[in-house]
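Worksheet: the structure to be examined is printed underneath.
The values are calculated or read from the model by the stated rules, or taken from the named source; none is laboratory data. Computed from a predicted structure; not experimentally measured. Cβ: placed from backbone, ideal geometry, glycine included. Neighbour counts: every protein chain shown. What goes into the accessible areas is simple: the full protein's heavy atoms, side chains included, and nothing from ligands, DNA or RNA. Shrake-Rupley method; radii C 1.70, N 1.55, O 1.52, S 1.80 Å.
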Protein chains: 2
Amino acid sequence: MTATQPLQIGIVQRTRQSPFYAGTIRAGVKGFSVYNHMLMPIYYESPEADYWHLMKNVTLWDVGCERQVEITGPDAFHLTRLMTPRNLSRCRIGQCKYVPIVDENGGMINDPLLLRLGENHFWFSLADSDVLLWAKGLAVGYGLDVKVTEPDVSPLAVQGPNADPVMRDVFGDWVTKIRFFRFKETELDGMPLLIAKSGWSKQGGYEIYLRDGRYGNQLWDRMMSAGAKYDIKPATPSTIERIESGLLSYGNDMTLEHNPFEIGLEKFCDVDQAFDFVGKAALQKVKAEGITRKLVGLVIHGERIPGCSRHWDIEKDGEPSGKVMSSVYSPRLEQNIALAMLPIMNTNIGTEVIVVTEWGERLGATVSPVPFE
Amino acid sequence: MTATQPLQIGIVQRTRQSPFYAGTIRAGVKGFSVYNHMLMPIYYESPEADYWHLMKNVTLWDVGCERQVEITGPDAFHLTRLMTPRNLSRCRIGQCKYVPIVDENGGMINDPLLLRLGENHFWFSLADSDVLLWAKGLAVGYGLDVKVTEPDVSPLAVQGPNADPVMRDVFGDWVTKIRFFRFKETELDGMPLLIAKSGWSKQGGYEIYLRDGRYGNQLWDRMMSAGAKYDIKPATPSTIERIESGLLSYGNDMTLEHNPFEIGLEKFCDVDQAFDFVGKAALQKVKAEGITRKLVGLVIHGERIPGCSRHWDIEKDGEPSGKVMSSVYSPRLEQNIALAMLPIMNTNIGTEVIVVTEWGERLGATVSPVPFE
């Protein structure tokens, strides 16, 4: 059952407005999702037009919904290490690290970017789940001397091949010299900022963390003005680009039911390190026994179809065989592409399966390399 | 800045569909919010028409988004007690209790209904936050022998003055004899159910907890058919009715920044009990020192205005003085009514304040008793 017309979103206090909300409305945003209890813009001109602009020019994204969990205090590094199987013993101040967060069973709780601001000062820049409550629960239970909060910090992303000139014009030459997954703390016209070379696309760019929400309008307008000569446009995280590039989306491609090895994040799991992070025994077992299913790329054959709004069934030789986790039509590749969780024996490149869409259509599909090309 | 046209909601796997989703689409739902990472219908005919039907007849609500956290295992009662300041020493099997959940500082994490299904078997039927992660974090940190999960359980609410005859026709006489805030486990045509005399309105009714999502369509259709002779209509939790009745909404009327004493839940806080729940010392201090602000009713004068989409400022004698947390126009009382967090010295009934709306209008308002009459 699918609605025959666009459905409206209810806008209430509970689904909070980011500091850039007014900017996105002025820029003509067409709709929202909700992410970390905050409204997240989903498209402006059209998902496809926004995608092409990201691929060819430069775009400005309100990703204020990437909320931060800030951990400070004498036990801050200890708590941070408890929360991830990634080995953080060499994590430096000024560095970003992509870190799986897992529960005691090794199940995925979130896949944030970790930023180390000081010896005992960390931000987790989150995907969509209340890691604040997980971190606080661990801290209380273990009796750790930490402060765990959601600070007034809201990222604004500048993404696309022309991100560098825009950033240079606003901040100066130094900014383009920030290395990938490094950040600098700075200020602009009194606005307290942190700028990272990062972002949820493979098109290059920056995330500007605004550290005082009162400046949301000022920062949005400043970036839009500075970007005008490079034809900047408002856009959003792109489902098309991120599936093409193989970037994962928490809640879509994985949930608490999946461990990092099943979704290709084993390289961020050091289960042999000395430090006893939460879930270590569970992930050691996974590593020793091997996984039974794996997230892979899938090309779904036939005409252009809408992306899935819920996980679709997959069949192989007439038997149920996994789920489509995310799918979209790629206008660049002129193919329907997807990420799918398949039984390990069906994950070889070239394996043929049948996808059953939410409207009951049965379509052939082929396991494919990611990124899609 | 407000959008000039309705904004669309993005429907993706991450914002999950309840088992009753297809039913709500068939019934003509017009929009959704997101609640506990699940789509929650917001209205059908209009918020006002749906409200009148709730007040005068009977309505069926998809509240599958009230997700359950299930706690079982030898330490289940211990963990459950850790999570709330309410004294659970006399909580019986078959009973529902409205329980604040607070953090180590006494801040509100959620305000669910607790259901005791067995000596060591509990459900928290949740407002909008990931209590699953809080409970799991505490369990891991304290090393408790429990299992904490989100089971396949989805509530469907039958609310309104004609709820009794509908329920009697479907389940038999026994169902109307369930006392308020009690529940029974039962079955209907093979569908595993739990029926509670409860619901997020003061119009009377039931919540039917479906314990196997595969039956979502069957249960929805069965209730709609049985209700036809009582003129049942699809509806949703009503902002109008719940503010009139003084029912609280987590994320709107309160957040982690507020303690239970500030929002009128002191009667559910036994800070002198022997059991050491999380946040006990913090709430003992609050009780000893008294609160500095309090949630009260407010009548906002003048013509009908839209409800707030973010918290509005309040002024008293030219100074900032609290926030409007929720507001709505009541067509029954023909007044704009609100719940507001005010400094304690301004909370006496009859106190006059100024409300500054999100579009900059300044309106007189009067502190009023709740429920509104």
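Quick check for me: using +1 on Lys/Arg Cβ and -1 on Asp/Glu Cβ, what's the dipole size of chain A about its Cα centre, in debye to the nearest 20? Walk me through the intermediate numbers first.
Numbers: 39 positive and 46 negative charges, 152 e Å.
Dipole magnitude for chain A comes out near 740 debye.
Among A:Arg362, A:Arg310, what's the order by accessible area (1.4 angstrom probe), most exposed first? Provide the component values of the computation, followed by the final result.
Working: A:Arg362 140, A:Arg310 80 Å².
Sorted descending by solvent-accessible area, the residues read A:Arg362, A:Arg310.
Roll a 1.4 angstrom probe over the protein heavy atoms and tell me the percent of accessible area of the protein assembly as shown that is carbon or sulfur. Mind showing how you got there, number by number?
Details: 13780 of 28480 Å².
Answer for the protein assembly as shown: carbon and sulfur cover 48 percent of the accessible area.
What does a probe at A:Glu319 reach in region A:331-350, counting residues whose amide N is under 13 Å from the point 7 Å along Cα→Cβ?
A:343-346
Pull up all non-local amide H partners of B:Thr84: gap of 5 or more, or a different chain, and H-to-H distance under 5 Å with H placed in the peptide plane.
Placed amide hydrogens put B:Val278 under 5 Å from B:Thr84.
Roughly how big is the B-A contact, given as buried accessible area in Å² (both sides, 1.4 Å probe, nearest 100)? It would help to have the intermediate numbers written out before the result.
Values: alone 16660 and 16670 Å², together 28480 Å².
Accessible area lost upon association: around 4800 Å².
Say R0 is 25 Å: what FRET efficiency, to the nearest 0.05, do B:Lys177 and B:Tyr230 get from their beta-carbon distance? The partial results should precede the final answer.
On the way: r = 19 Å, r/R0 = 0.76.
The pair B:Lys177/B:Tyr230 has a calculated efficiency of 0.85.
On alpha carbon coordinates alone, what is the Rg over Rh value for region B:1-115, Rh being the Kirkwood radius? Could you put the intermediate results ahead of the total?
Details: Rg = 18.3 Å, Rh = 17.3 Å.
Rounded to two decimals, Rg over Rh is 1.06.
Check each of the trypsin sites (Lys or Arg not before Pro) in region A:69-99 and keep only those in coil by DSSP with at most 14 other C-beta atoms within 10 angstrom; list them in order.
Values: sites: A:Arg81, A:Arg86, A:Arg90, A:Arg92, A:Lys97; in loops: A:Arg86, A:Arg90, A:Arg92.
Filter output for region A:69-99: A:Arg90, A:Arg92.
Using Cα pairs under 8 angstrom and six or more residues apart, how large is the relative contact order of region A:2-151, in percent? Show your work: numbers first, answer last.
Numbers: 242 pairs, mean separation 33.0, N = 150.
Relative CO of region A:2-151 lands at 22 percent.
How large is the translational diffusion coefficient of region A:30-96 in µm² per second when you combine the Kirkwood radius over alpha carbon pairs with Stokes-Einstein at 37 °C and 0.692 mPa s?
On the way: Rh = 15.4 Å.
Rounded, D is 213 µm²/s.
Please compare each pair in A:Lys97/A:Lys267; B:Lys56/B:Lys229; A:Lys97/A:Lys287; A:Lys136/A:Lys197 to a cut-off of 20 Å on the Cα-Cα distance and tell me which ones are over it. Before the final figure, lay out the partial values.
Details: A:Lys97/A:Lys267 12 Å; B:Lys56/B:Lys229 14 Å; A:Lys97/A:Lys287 22 Å; A:Lys136/A:Lys197 29 Å.
Checking Cα-Cα distances, A:Lys97/A:Lys287; A:Lys136/A:Lys197 exceed 20 Å.
How are the alpha carbon pair distances in the protein assembly as shown distributed across 20 Å bins from zero to the largest one, expressed in percent?
The calculated distribution, bin by bin, is 16, 51, 31, 2.
How many Å² of accessible area per residue for region B:73-136, probe 1.4 Å? Please list the in-between numbers first.
Numbers: 1700 Å² over 64 residues.
Per-residue value: 27 Å².
Testing the spin-label approximation: label points 7 Å from Cα along Cα→Cβ at A:Lys56 and B:Glu289. State their distance in nm.
Here the answer is 6.0 nm between the modelled labels.
Which positions within region A:103-150 get 30 Å² or more of their accessible surface covered by the other protein chains, compared to the chain by itself, with a 1.4 angstrom probe?
Residues passing the criterion (a loss of at least 30 Å², heavy atoms only) are A:Glu104, A:Asp128, A:Asp130, A:Leu133, A:Trp134, A:Lys136, A:Gly137, A:Val140, A:Gly141, A:Tyr142.
Only four residue types carry charge here, +1 at the Cβ of Lys and Arg and -1 at the Cβ of Asp and Glu. Report the dipole size of the protein assembly as shown about the Cα centre in Debye, rounded to the nearest 20.
Numbers: 78 positive and 92 negative charges, 74 e Å.
The calculation lands at about 360 debye.
Over region A:231-373, average the accessible area per residue using a 1.4 Å probe and give it in Å², no decimals.
Working: 6250 Å² over 143 residues.
For region A:231-373, the per-residue accessible area is 44 Å².
I need the Debye-formula profile for region A:79-195: one equal scatterer per C-alpha, no solvent, reported as log10 I(q)/I(0) at q = 0.16 1/Å, two decimals.
For region A:79-195 at q = 0.16 Å⁻¹, log10 I(q)/I(0) is -0.85.
Tell me the Rg and the Dmax, in Å, that the Cα atoms of region A:195-352 produce.
In Å, with Rg to one decimal and Dmax whole: 19.7, 58.
Just checking the output field for A:27-34: average partner chain Cβ neighbours within 10 Å of each residue's Cβ? Let's see the in-between values first.
On the way: counts 0, 2, 3, 5, 6, 6, 8, 11.
Mean partner-chain Cβ count within 10 Å for A:27-34: 5.
Using Cα pairs under 8 angstrom and six or more residues apart, how large is the relative contact order of region A:66-215, in percent?
Working: 301 pairs, mean separation 35.5, N = 150.
After rounding, I find 24 percent.
For chain B, what's the relative contact order in percent, using C-alpha pairs closer than 8 Å and at least 6 residues apart? If you can, show how the numbers build up before the last one.
On the way: 831 pairs, mean separation 63.3, N = 373.
Once normalised by length, the contact order is 17 percent.
Straight-line reach from B:Lys316: which aspartates and glutamates have a Cα under 12 Å away, not including same-chain ones fewer than 8 places off?
Result set, ordered by chain and number: B:Glu352.
Just the accessible area for B:Tyr43, please: 1.4 Å probe, Å², rounded to the nearest 10?
Rounded to the nearest 10, the figure is 40 Å².
Write down the Kirkwood hydrodynamic radius of chain A, to one decimal in angstroms, obtained as one divided by the mean of 1/r over all alpha carbon pairs.
Numbers: mean 1/r = 0.0462 Å⁻¹.
For chain A, inverting the mean 1/r across all distinct Cα pairs yields 21.6 Å.
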